[in-house]
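Novice: Take this structure, written in structure tokens, and hold onto it; I'll ask about it next.
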Amino acid sequence: MTEERTVGGTCVNRGCLPSKNLIEAAKMIHDARHPRYPGLTPAGIRLDFTKLIEQKDEVIHGYRNKKYESLTGGQFTIEKGHVEFVDSSTVQVDGKRLSGEKILIATGSRPVIPDIEGLRNVPYLTSDLLTNDEPMEMWELPRSIVIIGGGYIALELGQMFRRFGVEVAILERNDQLLAHGYEPQVGKAIGEVFENEGIRVLTKAAVRSVSQNGQEVVVSAVIDGKPQELRAEKLLVATGRRPNSDKIDIEKSGVEVGKHGEVRVDEFLRTSISHIFAAGDVVGRETGSQMATPVGSHDGGVAAHNAFSNGEPRRVGHRVIPRTIFTDPQIAVVGMTEEEAQAAGHECWCSTVPMSLVPRAGAIRDTAGIIKMVADDKTEEVLGVSMVGNSAGEVIHEAAMGLRFHAKIHDFIDMLHVYPTMAEALKIVAISRFKDPAKLSCCAE
């Protein structure tokens with residue numbers, strides 16, 4: 001194996017693990033200051049950001065050692081340094097050549113840096129601010145921050161910073177957050193939450209230039225047709241991620257690459273060169289894949305099997321990929337959106353139900369959000385589910401299992417759900433195919 005940065009890659013070092021650690025800390029502060037229950041007095045929690053980062057790094061170091069570094073040795077070795085292809089069977093790591101009968105390209109992805117005038121001349125942050133043991137790690141909390149982008153990274157970090165007391169402005173070029181690949185109701189629901197928390201969400205925003213003015217970054221943009229300037233102590237660029245295929249001399253291997261840098265693969269994760277495989281973020285949207293840690297982990301196993309097994313090759317299965325954005329409330333989706341289902345030729349039945357109709361949401365006074373179900377109108381097979389709500393990231397697994405086995409609307413209705421749980425949202429939105437759930441008693445069908 002080769003590694004240019006830190007063993008464990010993005011997820012454990014500067015992605016999933018550190019972000020969820022800090023997001024949960026920010027939630028504790030927010031919940032203490034804004035209790036949902038009458039009779040509970042708001043309480044302030046003193047924030048020592050330096051100590052918070054220290055504990056985050058401690059968690060990462062422990063996890064990295066236990067789950068990654070401790071697995072090396074014996075048949076597993078790691079060559080540290082920058083890797084490049086020499087030919088289709090050989091790579092070099094800082095000049096040291098390594099050859100193999102099989103090669104797996106699993107170089108992941110990195111933040112996209114848009115071509116904005118002046119951006120290269122001002123200090124800016126990316127999601128790498130979450131890293132550890134690297135110079136770009138953030139140790140001091142800014143007073144204010146402007147975030148360019150309105151995707152999942154912008155949403156998670158934007159809300160986190162706001163709950164830490166930072167003034168936050170998010171610039172989104174579309175007319176709402178999460179404008180692509182999500183149901184329109186999802187972006188609207190989380191946008192209302194952000195507005196209530198004091199996060200400025202500026203839509204229809206085209207950033208023209210950025211510059212430095214003393215201790216501030218100045219962002220010049222056209223927002224809903226009007227020129228505006230935004231000033232903040234820090235600038236965060238969160239405009240997506242791109243595959244890491246462009247700096248490894250991949251052309252010397254003969255492997256075909258797509259227009260966005262994705263390594264082209266077939267359903268067995270084999271590239272255009274039969275003994276070279278690829279998996280994870282570096283394949284982009286190939287074979288219906290998505291840039292997500294569990295997808296890369298699963299597909300890495302498929303690639304390894306196909307590279308070395310003499311048995312039946314395994315195909316990747318990307319039809320059902322549940323995803324969660326760890327905002328509060330969480331956003332979780334699986335399967336098709338209404339637009340995608342219609343584009344695939346389905347006559348759709350679709351229904352959106354507010355979380356206020358879910359008994360547990362009412363019981364715990366946390367009714368923000370919605371759930372939407374998409375099904376084929378004729379067969380009643382459920383094609384997709386989107387949820388914004390408390391524990392959505394847990395609930396979505398029931399929906400994913402249903403989609404995996406081609407469940408129909410009645411399967412969700414007939415399934416006995418524990419009462420009261422947030423998972424009942426799936427049953428309630430399925431019931432709305434036949435009845436108005438607002439007019440039903442608890443547990444009624």
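Novice: Any residue at all in the range 208-217 that is open to solvent by less than 40 Å² (accessible area, probe 1.4 Å), within 18 Å of P114 (Cα to Cα) and of a type in the set (A, V, I, L, M)?
Specialist: yes
Novice: Which helices (runs of 4 or more DSSP H) does the range 272-384 wholly contain that include 2 or more residues that are over 28 Å from V418 (Cβ atoms) and among the aliphatic types (A, V, I, L, M)?
Specialist: Counting at least 2 such residues, we get 293-308, 338-343.
Novice: Turning to a different aspect of this structure: For the range 19-41, which positions are in contact with a helix residue (DSSP H, G or I) (Cβ under 7 Å, 6 or more places away or on another chain) and open to solvent by less than 30 Å² (accessible area, probe 1.4 Å)?
Specialist: S19, L22, I23, A25, A26, I29, listed by residue number.
Novice: So which of T2, T10 is within 16 Å of the chain's Cα centre (by Cα), surrounded by 15 or more Cβ atoms within 10 Å (Cβ to Cβ) and not charged (D, E, K, R)?
Specialist: T10
Novice: Right, next: Go through the range 60-88 and give me each residue that's over 17 Å from G100 (Cα atoms) and hydrophobic (A, V, I, L, M, F, W, C).
Specialist: Residues satisfying the conditions are I60, L71.
Novice: Right, here's the next one. Among the listed residues A221, A232, A279, which satisfies the condition of being closer than 30 Å to T90 by Cβ, of a type outside the set (S, T, N, Q) and either surrounded by 14 or more Cβ atoms within 10 Å (Cβ to Cβ) or at pLDDT below 95 (or both)?
Specialist: Values: A221 fails: closer than 30 Å to T90 by Cβ; A232 fails: closer than 30 Å to T90 by Cβ.
Exactly one residue qualifies, and that residue is A279.
Novice: Of the residues R433, R365, only one is touching a Ser or Thr at 6+ places or on another chain (Cβ under 7 Å), at pLDDT 95 or above and open to solvent by 20 Å² or more (accessible area, probe 1.4 Å); which?
Specialist: Exactly one residue qualifies, and that residue is R433.
Novice: Just to be sure, is K51 modelled with pLDDT of 95 or more, charged (D, E, K, R) and either under 28 Å from the mean Cα position of the chain (by Cα) or over 30 Å from V210 (Cβ atoms) (or both)?
Specialist: So K51 fits the description; yes.
Novice: Being open to solvent by less than 40 Å² (accessible area, probe 1.4 Å) and part of a loop (DSSP other than H, G, I, E, B) is the filter; apply it to the range 250-263 and report the residue that is farthest from H82 (Cα to Cα).
Specialist: The residue in question is G258.
Novice: What pairs come out if I take residues in the range 111-126 that are closer than 12 Å to V207 by Cβ and part of a strand (DSSP E or B) and pair them with residues that are hydrophobic (A, V, I, L, M, F, W, C) and open to solvent by less than 30 Å² (accessible area, probe 1.4 Å) whose C-beta lies under 8 Å away, six or more apart or interchain?
Specialist: E117/V210
Novice: Let me ask something additional. What's the total number of residues in the range 341-374 that are among the small types (G, A, S) and either under 20 Å from P38 (Cα atoms) or touching a Pro at 6+ places or on another chain (Cβ under 6 Å) (or both)?
Specialist: Of all residues in the range 341-374, those among the small types (G, A, S) come to 341, 343-345, 351, 356, 361-363, 368-369.
Those left that are additionally either under 20 Å from P38 (Cα atoms) or touching a Pro at 6+ places or on another chain (Cβ under 6 Å) (or both): 356, 361-363, 368-369.
Here the count works out to 6.
Novice: Give just the number: which of (1) open to solvent by 60 Å² or more (accessible area, probe 1.4 Å); (2) under 30 Å from V210 (Cβ atoms); (3) at pLDDT 95 or above does I145 not satisfy?
Specialist: All conditions are met except number (1).
Novice: OK, next. Considering only the range 75-110, state which residues are among the polar types (S, T, N, Q), at pLDDT 95 or above and not in a strand (DSSP E or B).
Specialist: Passing the criteria: S88, S89, T107.
Novice: Being open to solvent by 60 Å² or more (accessible area, probe 1.4 Å), closer than 22 Å to N13 by Cβ and of a type in the set (G, A, S) is the filter here; which residues of the range 66-101 pass it?
Specialist: Selection gives S70 alone.
Novice: Additional query: Could you please find all residues in the range 290-319 being within 19 Å of the chain's Cα centre (by Cα) and crowded, with 22+ Cβ neighbours inside 10 Å?
Specialist: Scanning the range 290-319 gives G296, D299.
Novice: Tell me which residues, restricted to the range 42-54, are in contact with a helix residue (DSSP H, G or I) (Cβ under 9 Å, 6 or more places away or on another chain) and open to solvent by 60 Å² or more (accessible area, probe 1.4 Å).
Specialist: P42, G44, I45, listed by residue number.
The values are calculated or read from the model by the stated rules, or taken from the named source; none is laboratory data. Given the structure is predicted, the values throughout are model-derived calculations rather than measurements. When we count neighbours, we look across all protein chains shown, and the Cβ atoms used for this are built from the backbone with ideal geometry, even at glycine. Keep in mind that these areas ignore ligands, DNA and RNA; they rest on the heavy atoms of the full protein, side chains included. Shrake-Rupley method; radii C 1.70, N 1.55, O 1.52, S 1.80 Å.
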